[in-house]
Amino acid sequence: LTLTVSQEAVVDFTLQVGSTGQSVVVNEEAPLVNTTSGSLGGLVNEQKIEDLPLNGRNYVDLSLMQMGVNQQKNVGTTAGMGGVWYSANGAPPRSNSYLLDGASMVNLFGATASSVAGTALGVEGIREYKVVTSSVSAEYGITMGSQMTLVSKSGTNNWHGSAFEFLRNNAMDAANFFDATPTVSGGAKRIAPLRRNQFGGSIGGPIKQNKTFFFTTFEGLRELAGIPNVLTVLPASCYNATTHLPLMTGNPCATTATNTTGTVAAVVQPLFSLYPYPNLANVNPSLSANRFGWIFPQGTSENYGQIRADHNFSANDSFFGRYTVDDTNTSRATGLYQQFHNPWQSRSQFVTVSEN
């Protein structure tokens with residue numbers, strides 16, 4: 001049957017009467033519409049958290065599976081904080097709330113739950129969570145976007161534990177297609193180094209059967225990633241063509257597009273050693289030919305830990321306390337000079353106690 005655009009077709013067909021002995025038995029009841037709340041959202045249960053592949057072990061990535069959630073990849077870093085940014089049904093990316101056991105767990109800038117490395121670790125200590133994307137009820141607030149409510153794992157009468165380590169490196173990586181090709185050292189594109197180790201584990205069980213339980217988890221991240229950078233430096237005529245060392249006498253720099261005289265003050269010449277020799281080809285005439293490409297070794301060290309203790313006073317009285325901490329250190333290129341870098345540090349601590 002072929003239909004063209006905006007065409008209405010009528011096709012008549014005949015149904016034959018079946019045998020009177022045929023029957024269809026439906027054993028399952030259709031799920032009821034949620035008549036108690038008009039909120040929209042989705043649940044990420046424990047099985048999904050454990051079974052779904054999660055590159056980087058960032059649990060916020062699982063929110064991107066929910067209907068109406070759209071990842072914002074062009075937000076970049078705001079006030080030094082990165083991580084996964086998303087919009088829920090058109091709300092601003094900064095308008096998402098994160099609650100762990102009912103308590104807010106946003107970072108110090110109040111926008112995401114990530115560290116300065118852009119990670120949100122702790123998936124081993126999460127039992128389940130739900131992302132409410134719109135029409136939130138009165139129990140929520142603070143933001144106009146989505147509400148992510150997480151529940152931490154607690155111990156039971158049985159002992160449970162886990163251990164893991166994930167390794168990534170550049171052994172099978174290809175060179176970055178957009179990285180500029182050096183004109184020296186063979187002229188081949190460079191493969192940025194990468195060493196990423198994520199390791200940790202969890203353990204939980206009873207302190208006193210049927211009364212007191214605990215659950216604790218730890219996760220570490222060690223990463224060394226090569227970040228390509230391009231700097232604008234002095235022209236090649238300011239250097240010795242053989243040794244690539246800066247010329248310190250006379251008037252070494254030839255005329256350039258921005259300097260028609262080639263004059264260099266004597267007081268500036270001793271600073272030439274701070275500028276590297278240009279090593280990139282001028283593939284775009286609109287760009288400066290005096291460019292130096294290098295790979296900055298960006299290092300990251302992150303330690304995440306969480307412990308929770310539960311106690312049952314009676315069948316009608318229960319108590320729990322949880323402490324979560326995340327320490328992160330990372331260094332980033334300044335984008336100005338090869339010799340300098342920006343150190344970033346963050347520490348997030350959350351304490352929650354609750355009695356029902």
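The values are calculated or read from the model by the stated rules, or taken from the named source; none is laboratory data. The structure presented is a predicted model; accordingly, all values stated were derived computationally and were not measured. Backbone-built Cβ (ideal geometry, glycine too); neighbour counts: all protein chains shown. Side chains included, ligands, DNA and RNA excluded: accessible areas come from the protein's heavy atoms. Shrake-Rupley method; radii C 1.70, N 1.55, O 1.52, S 1.80 Å.
Descriptive notes on the structure:
- You will find that of 114, 87, the residue that is modelled with pLDDT of 85 or more, hydroxyl-bearing (Ser, Thr, Tyr), more than 30 Å from residue 318 (Cβ to Cβ) and part of a loop (DSSP other than H, G, I, E, B) is 114 and no other.
- Check on residue 107, open to solvent by 40 Å² or more (accessible area, probe 1.4 Å) and of a type outside the set (Val, Ile, Thr): no
- Breaking point among (1) of a type in the set (Val, Ile, Thr); (2) modelled with pLDDT under 80; (3) in contact with a Ser or Thr (Cβ under 6 Å, 6 or more places away or on another chain); (4) surrounded by 17 or more Cβ atoms within 10 Å (Cβ to Cβ), for residue 75: (3)
- Answer from 94, 168 - the residue that is among the basic types (Lys, Arg) and not in a loop (DSSP other than H, G, I, E, B): 168
- For region 134-162, residues that are in contact with a Lys or Arg (Cβ under 9 Å, 6 or more places away or on another chain), open to solvent by less than 30 Å² (accessible area, probe 1.4 Å) and farther than 22 Å from residue 321 by Cα total 2.
- Selection count where residues are open to solvent by 40 Å² or more (accessible area, probe 1.4 Å) and either at pLDDT below 90 or over 30 Å from the mean Cα position of the chain (by Cα) (or both), scope region 319-333: 2
- Residue that is most open to solvent (accessible area, probe 1.4 Å), among those in region 281-301 that are at pLDDT 80 or above and of a type in the set (A, V, I, L, M, F, W, C): 295
- Among the residues of region 24-54, those that are part of a loop (DSSP other than H, G, I, E, B), at pLDDT 75 or above and open to solvent by 100 Å² or more (accessible area, probe 1.4 Å) comprise 24, 25, 53.
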